[in-house]
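To start, the structure under review is shown below, and the notes come after it.
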Amino acid sequence: MRMIDIIERKRNGESLSEQEIAYFIEGYLDESIPDYQVSALLMAIYYQDMSQEEIAYLTKYMVASGDTIDLSSIQGHKVDKHSTGGVGDKTTFIVGPLVGAAGIPVAKMSGRGLGHTGGTIDKLESITGFKVELTNQQFIDNVNRHKLAVVGQTGNLAPADKKLYALRDVTATVDSIPLIASSIMSKKIASGADGIVLDVKTGSGAFMKSLEDSQRLAEAMVTIGNQLGRQTIAVISDMNQPLGFEVGNANEVKEAVQVLQGEKIADLRELAVELAAQMTLIAGIYDHYDTAVQALEAKLDNGEALACFKDFIEAQGGDSAFIDDFNLLPQPSYNIEVKAHTDGYIHEMAAEKIGLAAMHLGAGRATKEDTIDHSVGITLKKKIGDSIVKGDTLAILHSNKDQADEVGEIVKQAYTISQSPAEPRQMIYRVVK
């Protein structure tokens, strides 16, 4: 078998066999196949696409390239949740306790943020004392006792993915659906859950800007999961504006707790309940979707989910006192209002610009080496459909820098103001099974 023949076959639009995909992954890992040949294959895949069977083989051998997590000593049907990334997405802090309160074990490994999307682990580190690293036994014990644990990803999950992603990043092949799908699913499958619910974002703040591309990605990932023995469901959700009203780290933790306390932050609550409902259906806890939604809504309103969240925080060393006093979370030095320059209605929001503005304040990383400031971020006061008059506050910048004029301009540019009311945005577009 020769790599040049594999490149030529894919360049010509042919499907690669399982043996050919295994050969290229193994050869790239042991460095018997050079970067320039793998780069050529990635570009051929970018232009010629891959069949679902090829994507499943690619994912299978990426999983096999490193460690896999054994969760067999955790009692019950383990269901994981993954988001493709968005602005203000703090659903893990609601979904995990909701599903845990329903008796389903959630053993979750999460990553740090890079660019305009926030990382779950960064947000958890806003909580005094919270440990994002546990031993395997501590992780398993916490899930068995409290039904929920969230830790940072181990360095050796799907190392082939890490190596391929670095190459994709410098060869303009990142936005290829087969390569995105196999990258995400290789890490999810290696993480050991029995079932997976995917939150696939679509819109201005998402990696996939169009509903058509989001649908293709969702279908590819669901097929991979099911072919590799994990029951998988994808929910396609809106990211044409940030989720909820808070963007940052500590302030996103606060908003998630507010939902757990019963506050009706509509879009955030709706998506969290939807994802949790799909997880409970995979686990077989409820027979019907409507029954699941009603039961989970009740767990939000009666405090069961909040109690699970508190247990989870304390079990990982965190000080849960902030749940009753948000001032115990990291606080910024300045709170700067961004004002509307005209009357009208909020017609559109460039969610990605809001995320980038928060990153410039220090809430995110432009490079992996950047340090996160957990206290900074943005509170949105107006979203799509809201009416405004000149001088109204659009958003509040939480900053540790006195001068935030440049960031304020980015936030203003994220808003499109019209003279006619905007149509309300739907939160859930479709569910892919």
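The values are calculated or read from the model by the stated rules, or taken from the named source; none is laboratory data. Computed from a predicted model, the values in this text were never measured in an experiment. A quick note on method: Cβ atoms are made from the backbone with ideal geometry, for glycine too, and the neighbour counts reach across all protein chains shown. Surface areas here come from the heavy atoms of the whole protein model, side chains and all, with no ligands, DNA or RNA. Shrake-Rupley method; radii C 1.70, N 1.55, O 1.52, S 1.80 Å.
Tabulated results
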item	result
Identity of the residue in region 16-26, over 31 Å from the mean Cα position of the chain (by Cα) and in a helix (DSSP H, G or I), that ends up farthest from residue 168 (Cα to Cα)	19
The lone exception for residue 193 - which of (1) buried (at least 21 other Cβ atoms within 10 Å of the Cβ); (2) outside any loop (DSSP other than H, G, I, E, B) it fails	(2)
Residue within region 217-227 that is touching a strand residue (DSSP E or B) at 6+ places or on another chain (Cβ under 7 Å), in a loop (DSSP other than H, G, I, E, B) and closer than 17 Å to residue 182 by Cβ present	no
Meets criteria (at positive phi, open to solvent by less than 30 Å² (accessible area, probe 1.4 Å) and modelled with pLDDT of 95 or more) for residue 262	no
Failed criterion for residue 255 (all others in (1) among the acidic types (Asp, Glu); (2) open to solvent by 10 Å² or more (accessible area, probe 1.4 Å); (3) part of a helix (DSSP H, G or I) hold)	(2)
Helices (runs of 4 or more DSSP H) (entirely within region 52-153) containing at least 3 residues that are open to solvent by 20 Å² or more (accessible area, probe 1.4 Å) and closer than 21 Å to residue 185 by Cα	52-63
Enumeration of residues in region 417-433 that are under 26 Å from residue 91 (Cβ atoms), part of a strand (DSSP E or B) and open to solvent by less than 90 Å² (accessible area, probe 1.4 Å)	428, 429, 431, 432
Inter-residue pairs, beta-carbon under 6 Å, first in contact (Cβ under 8 Å) with a residue 24 or more places away in the chain and in region 37-54, second part of a helix (DSSP H, G or I) and open to solvent by 70 Å² or more (accessible area, probe 1.4 Å), 6+ apart	44/11
Considering residues of region 233-247 that are under 14 Å from the mean Cα position of the chain (by Cα) and among the small types (Gly, Ala, Ser) only, the residue nearest to residue 377 (Cα to Cα)	237
Single match in 169, 161 (criterion: surrounded by fewer than 17 Cβ atoms within 10 Å (Cβ to Cβ) and either out of contact with any Phe, Trp or Tyr (no Cβ under 8 Å at 6 or more places or on another chain) or assigned to a loop (DSSP other than H, G, I, E, B) (or both))	169
Scan of region 172-190 for residues that are touching a residue at least 40 places away in the same chain (Cβ under 8 Å), under 20 Å from the mean Cα position of the chain (by Cα) and not in a helix (DSSP H, G or I), ordered by number	176
Members of region 209-232 that are under 15 Å from residue 428 (Cα atoms) and either open to solvent by less than 10 Å² (accessible area, probe 1.4 Å) or under 15 Å from the mean Cα position of the chain (by Cα) (or both)	214, 218
Yes/no for residue 272 being more than 15 Å from the chain's Cα centre (by Cα), modelled with pLDDT of 95 or more and hydrophobic (A, V, I, L, M, F, W, C)	no
Residue list for region 401-415, restricted to those being open to solvent by less than 60 Å² (accessible area, probe 1.4 Å), within 27 Å of the chain's Cα centre (by Cα) and of a type outside the set (Phe, Trp, Tyr)	407, 408, 410, 411, 414
Complete set of residues in region 33-51 that are out of contact with any helix residue (DSSP H, G or I) (no Cβ under 8 Å at 6 or more places or on another chain) and in a loop (DSSP other than H, G, I, E, B)	34, 51
Those helices (runs of 4 or more DSSP H) lying entirely in region 273-387 with at least 2 residues open to solvent by 30 Å² or more (accessible area, probe 1.4 Å), in contact (Cβ under 8 Å) with a residue 40 or more places away in the chain and over 26 Å from residue 419 (Cα atoms)	304-315, 351-361
